[in-house]
1. Quick test for you: out of Ile22, Ile45, pick the one residue that is in contact with a Phe, Trp or Tyr (Cβ under 6 Å, 6 or more places away or on another chain), modelled with pLDDT of 90 or more and of a type outside the set (D, E, K, R).
2. Restricting the first residue to segment 13-25 and requiring it to be outside the structural domain of Gly61 (by TED's automatic domain parsing), which pairs with a second residue that is surrounded by 12 or more Cβ atoms within 10 Å (Cβ to Cβ) and modelled with pLDDT under 90 meet a Cβ separation below 6 Å and a spacing of at least six or different chains?
3. Would you call Glu111 among the charged types (D, E, K, R), farther than 27 Å from Lys34 by Cα and modelled with pLDDT of 90 or more?
4. Considering Tyr66, Tyr79, which residue is at pLDDT 85 or above, of a type outside the set (A, V, I, L, M, F, W, C) and touching a Leu at 6+ places or on another chain (Cβ under 8 Å)?
5. Which ones in segment 52-71 are loosely packed, with under 10 Cβ neighbours inside 10 Å and over 24 Å from the mean Cα position of the chain (by Cα)?
6. Of all residues in segment 31-49, how many are farther than 15 Å from Tyr65 by Cβ and touching a residue at least 24 places away in the same chain (Cβ under 8 Å)?
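The values are calculated or read from the model by the stated rules, or taken from the named source; none is laboratory data. Just so we're clear, the structure is a prediction, and the values are computed from it rather than from any experiment. Ideal geometry is used to build each Cβ from the backbone, glycine not excepted, and the neighbour counts take in all protein chains shown.
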Amino acid sequence: MMGFGCIPRNIKDKVVNSTVLIEPSKVVILEKDKKYGGVDTKGNILIPVAFDGIYSVISAGQTSYYLLYNEQEYDALEYIRLIKEQLGIVDEEENDNQENTNTEQDTNTTENNETNTNVEQSNVENTNSENVSNVSENTENNAE
């Protein structure tokens, strides 16, 4: 039977917190047969169900997440980052930032094109005005 979250025991004289979600990475903690792992919101297994514990520690207002395997402690966020990199998973925030950059570039291109069109239109109008003036002068000169 599969469960959610990890209820840690005292680990090396630390006060640790139960963990159901590794918030920065949006990874939900799973438990099966007293082993723990985690999946993201799309169902990608980012932490295999093989760890002895997954927990958080709050120090000076900062929350840190850890994986425990064979009495060794690992940084959970770094582990998740490496797994995502191996799997080619791009965070939604990174994706949103890329989309925003593309939108800004498209907007700038559109604005530049509009500016160029306005300048070209202005040049055409100036040229037409000059031509009209020249024709007018020529017509006046020819009439004299």
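1. Values: Ile45 fails: in contact with a Phe, Trp or Tyr (Cβ under 6 Å, 6 or more places away or on another chain).
Answer to the selection: Ile22.
2. none
3. On the way: among the charged types (D, E, K, R): yes; farther than 27 Å from Lys34 by Cα: yes; modelled with pLDDT of 90 or more: no.
For Glu111, the condition - among the charged types (D, E, K, R), farther than 27 Å from Lys34 by Cα and modelled with pLDDT of 90 or more - is not met.
4. Working: Tyr66 fails: touching a Leu at 6+ places or on another chain (Cβ under 8 Å).
The unique qualifying residue is Tyr79.
5. Going through segment 52-71, the residues loosely packed, with under 10 Cβ neighbours inside 10 Å turn out to be 59-62, 70-71.
Across segment 52-71, the qualifying residues are Ser59, Ala60, Gly61, Asn70, Glu71.
6. 3
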